[in-house]
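Here the structure is laid out as structure tokens; the discussion comes afterwards.
Each reported figure results from applying straightforward, stated rules to the coordinates on display, with no laboratory input. Quantities reported herein were computed from a predicted structural model and do not represent experimental measurements. Note that we place each Cβ from the backbone using ideal geometry, even for glycine, and neighbour counts take in every protein chain shown.
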Amino acid sequence: MAYSKQAKKLFMENSRKMDDCNLCAEVDNKVGAKARYGTVILKTGNKDNGWFATLSPRTGGNPKHDFTVQLMPQRHLTHFSQIGVHPGMAEQFGICFSLISKAMTAVMMQSEGLLANAKGKGLSVALATYGKSTTWTEKKEHLHLKLFPFRGNIGQPYTVDSSFEKKEIYLNKNKGVAFVKMTPVKKVLIDAKKYNKLVKDLLSALN
Ligand SMILES: [Zn+2]
């Protein structure tokens, strides 16, 4: 299919380092270095095709064992559709995503004694990813995906899950709108000792 002018414009968008981007500002940090939004735990490829990942200092889950890893391209991409445009970048994404998934799983299994085939939810390794992209100028930002244990407050069904549809529906009679209820999520800092251990364990699992 011939791409429209607008599609071509989006795919070929300038992805050079942006001075006013908070994630571009983290790209030059080395693995193990504390960046503003976490510690860099992985870097793959180079500045043209590479990705990097940080361990967030905060979690919306249980700070005793939950944590979030953020995965970002080293280029300033703003849309998923741009990943394949740059040679080698899709491959590097696959490498980065799989390495992080493996490391997170290994760390969770070791520190919590989780099982490969668990009878119940409690001892299973539930891992999820979330990311979004838009072309709405106001909301365009450096592409980033989050990987996190899908449990507790941050393990609630999302709108694309079939189980979301099964949630009980309430009605606001005044406004005439239907709604569903969710458990509130509040991000909290992970205790420094726990955080440093997580960094150490993830780095070791990634090596
Ligand atoms: Zn950026």
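Between 161, 66, 19, find the one with the highest GNM mean-square fluctuation for the chain; connect C-alpha pairs within less than 10 Å. Evaluated over the chain, the most mobile residue of the options is 161. 3J(HN,Hα) along the stretch 40-46, derived from phi through the Karplus expression 6.51 cos²θ - 1.76 cosθ + 1.60 where θ = phi - 60°, amounts to 5, 10, 7, 9, 10, x, 10 Hz, with x in place of Gly and Pro. By the count of neighbouring beta-carbon atoms within 10 Å, fewest first, 1, 72 end up ordered 1, 72. A straight chain from residue 64 to residue 164 at 0.36 nm per residue would run longer than the Cα-Cα distance by 33.3 nm. Amide H contacts of residue 128: 148, 150, each under 5 Å away and 5 or more positions distant or on a separate chain (H built 1.01 Å from N in the peptide plane; Pro and chain starts excluded).
Legend: ranking of residues 206, 145 from fewest to most surrounding C-beta atoms inside 10 Å; resulting order 206, 145.
Build a GNM of the chain with springs between Cα atoms under 10 Å: which of 186, 194, 173 gets the top mean-square fluctuation? Maximum fluctuation in the GNM of the chain, among the listed residues, is at 173.
Phi angles across the stretch 76-89 convert, under the Karplus curve 6.51 cos²θ - 1.76 cosθ + 1.60 with θ = phi - 60°, into 3J(HN,Hα) values of 7, 8, 10, 8, 4, 5, 8, 4, x, 6, 9, x, x, 6 Hz, Gly and Pro given as x. Restricting the stretch 1-75 to chymotrypsin sites (Phe, Trp or Tyr not before Pro) that sit in a DSSP loop and have at most 16 other Cβ atoms within 10 Å of their own Cβ leaves 3. Coupling constants for the stretch 153-159 follow from the phi torsions by the Karplus curve (6.51 cos²θ - 1.76 cosθ + 1.60, θ = phi - 60°), and in residue order they are 4, 8, x, 7, x, 9, 4 Hz; glycine and proline get x. Taking 0.36 nm per residue of separation and subtracting the Cα-Cα distance, full extension of the segment from residue 3 to residue 48 would add 13.8 nm.
Cα centroid separation, the stretch 121-147 to the stretch 7-47: 16 Å. Amide H contacts under 5 Å for residue 39: 55, restricted to partners 5 or more places along the chain or on a different chain, H placed in the peptide plane at 1.01 Å from N.
Pairwise alpha-carbon distances in the chain exceed 24 Å for 50% of all pairs.
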